[in-house]
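Here's the structure we're looking at; comments come further down.
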Amino acid sequence: MIYNLAQGQQVFTSNAFLVTGERTVVVDPGNDFDVVSAIREHVDAVDAVVLTHTHPDHVGNLAAVKEAFGVEAWGFDTSQEGVDHAIADGDTILLGDDEYLALHTPGHKDDHLCLYAADPGVLFAGDLVFANGSFGRTDLEEGHRPTLVESIDSLKGAVSEDLREMHTGHGPSITTNPYHDIDLASKAARMG
């Protein structure tokens, strides 16, 4: 199961996903809310934290989760505070009951990853793409629009058109033809 722990929170936070199963993982612990209590509403233990990227709204709660559950964090760049283990482009990582392919997708931030499981058709898109063709901002440090466009195109080529679920860093998860939203983002990011 995949739960958005930040749903309904009215604070400066990203979505924070709990993926339960063989390896229970928090994908992006979020910021500015009691994520530890939210996790404990579903499970007693967590095996790891996996980060799409290290912007403050995605990792503000990281230390609290690591301390409460005695876990380590995985992300693209171990030089970032709190990242204990590196996930390289093309690595696979177990989230819940499924193997996810890590796709390095910079442009919003240099250490950005998307995580894609082909068998169940699930994508964690971080802040690369969102519902209705929206895409990650590039006006922050490390943001770069041409690189973002390349990353969206790379993601579009890596995932199946039969993608079933796309869980994004902000806003609603997309469960109706999410590939279409990636395609729209690819077009929209080229404009302006």
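Data overview
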quantity	calculated
Tensor-based shape of segment 83-124 (alpha-carbon gyration tensor, a/c under 1.5 rounded, otherwise prolate or oblate)	oblate
Computed over segment 2-188: relative contact order in percent, which uses C-alpha pairs under 8 Å that are six or more apart	16 percent
Hits among lysines - C-alpha to C-alpha of K156 under 21 Å, sequence gap 8 or more where chains match	K109, K187
Segments 13-21, 154-162 sorted - mean Cβ within 10 Å per residue, highest first	13-21, 154-162
Per-peptide average of other Cβ atoms within 10 Å, ordering 67-73, 85-91, 108-114, 35-41 highest first	108-114, 35-41, 67-73, 85-91
Per-bin percent of Cα-Cα distances, the chain [5 Å]	1, 9, 18, 23, 22, 16, 8, 2, 0, 0
Percent antiparallel among DSSP beta bridges (both partners in the chain, rounded to 5)	65 percent
Shape category assigned to segment 1-111 from the gyration tensor of Cα positions, a/c cut at 1.5	oblate
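Readers should treat all values here as calculations from the given coordinates under stated rules, not as data from a laboratory. Since we're looking at a predicted model, the values are computed, not measured. Glycine gets a Cβ as well: all are built from the backbone with ideal geometry, and neighbour counts include every protein chain shown.
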